[in-house]
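See structure below.
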Amino acid sequence: WFSKTIVLETAGTLEAKLTEAMGDTDVATLEKLVVSGPFTAADMTYVRNNLTGLVAIDLYNARIKASDEEYCTTWNTVYFEDDVICYEMFYGMSALVEIILPSTIKSIEESAFMGCNSLKAITIPDGIKMLKNNLFFDCSSLSDVVFPANLEEINASVFANCTNLKEVRIPETVK
């Protein structure tokens with residue numbers, strides 16, 4: 001994969017940093033993006049609207065930061081909160097095969113990965129205690145999910161239409 005690693009010192013600067021790093025190369029050709037540092041709605045909006053060739057995004061060392069910027073998905077406008085994967089954050093990003101979530105995430109909102117039908121595997125970070133409604137709805141390529149050891153609740157339709165998911169090992173901590 002054609003990959004770039006970007007270190008953000010200031011939230012909302014992904015577009016400028018990536019444009020500089022790519023030089024004359026079209027950002028739409030980027031296949032993998034690794035981001036560390038503060039990451040806001042402006043950064044995710046740039047990813048969604050411009051990195052159309054993206055198949056992998058690694059946010060493990062990124063920190064989701066609250067901001068006043070709107071993040072518009074297909075159906076809704078939401079605002080980022082600190083350490084939260086927002087409602088429909090990756091909704092419909094059907095080319096994504098791999099998403100590595102920030103290690104600091106404390107919540108993943110409903111439908112965050114809905115329609116990511118190329119997503120194959122995901123590891124849910126340790127801070128997550130609940131999988132909310134429709135989280136992986138229509139992720140038809142999803143075959144492997146690693147749950148955090150302290151997961152307590154799995155809501156309705158989390159894995160609806162995940163036709164490639166053959167086995168799910170639910171931790172004993174789930175009520």
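The values are calculated or read from the model by the stated rules, or taken from the named source; none is laboratory data. These numbers were taken from a predicted model, which means no experiment stands behind them. Heads up, the Cβs are rebuilt from the backbone with ideal geometry, glycines too, and the neighbour counts pull from every protein chain shown. With ligands, DNA and RNA removed, areas are computed over all heavy atoms of the protein, side chains included. Shrake-Rupley method; radii C 1.70, N 1.55, O 1.52, S 1.80 Å.
Residue 135 versus (1) touching a Phe, Trp or Tyr at 6+ places or on another chain (Cβ under 7 Å); (2) assigned to a strand (DSSP E or B); (3) not aromatic (Phe, Trp, Tyr): which is the lone unmet condition? The one condition residue 135 does not meet is (2).
Here's the yes/no breakdown for (1) in contact with a Ser or Thr (Cβ under 8 Å, 6 or more places away or on another chain); (2) more than 30 Å from residue 170 (Cα to Cα):
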site: 21; (1), (2): no, yes
site: 52; (1), (2): no, yes
site: 72; (1), (2): yes, yes
site: 111; (1), (2): no, no
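Checking each residue in region 124-137 for being free of Cβ contacts under 8 Å to residues at least 40 places away in the same chain and open to solvent by less than 60 Å² (accessible area, probe 1.4 Å) picks out 124, 125, 128, 131, 132, 133, 134, 135, 136, 137.
Just give me the residues in region 81-97 being farther than 11 Å from residue 63 by Cα and either touching a strand residue (DSSP E or B) at 6+ places or on another chain (Cβ under 8 Å) or free of Cβ contacts under 8 Å to residues at least 24 places away in the same chain (or both), in sequence order.
Going through region 81-97, the residues farther than 11 Å from residue 63 by Cα turn out to be 86-97.
Hits for region 81-97 are 86, 87, 88, 89, 90, 96, 97.
Which residues, counting only those in region 22-55, are among the aliphatic types (A, V, I, L, M), over 20 Å from residue 119 (Cα atoms) and over 15 Å from the mean Cα position of the chain (by Cα)?
Residues of region 22-55 that are among the aliphatic types (A, V, I, L, M), as a first pass: 22, 27-28, 30, 33-35, 41-42, 44, 47, 51, 54-55.
Filter again for over 20 Å from residue 119 (Cα atoms), leaving 22, 27, 41-42.
Within region 22-55, 22, 27 meet the criteria.
Considering only region 138-149, state which residues are open to solvent by less than 50 Å² (accessible area, probe 1.4 Å) and not aliphatic (A, V, I, L, M).
As a first pass, look at region 138-149 and keep what is open to solvent by less than 50 Å² (accessible area, probe 1.4 Å): 139-142, 145, 147-148.
Result: 139, 140, 141, 147, 148.
Within region 46-58, residues that are closer than 15 Å to residue 1 by Cβ and open to solvent by less than 20 Å² (accessible area, probe 1.4 Å) reach partners that are polar (S, T, N, Q) and not in a loop (DSSP other than H, G, I, E, B) with beta carbons closer than 9 Å, at six or more positions or on different chains, in the pairs 56/3. Annotation: residue 151 fulfils all but one of (1) outside any loop (DSSP other than H, G, I, E, B); (2) at pLDDT 95 or above; the unmet one is (1). Output the number of the condition that residue 19 fails; it satisfies all remaining conditions of (1) under 23 Å from residue 116 (Cβ atoms); (2) without any contact (Cβ under 8 Å) to a residue 40 or more places away in the chain. So residue 19 meets the others, but not (1).
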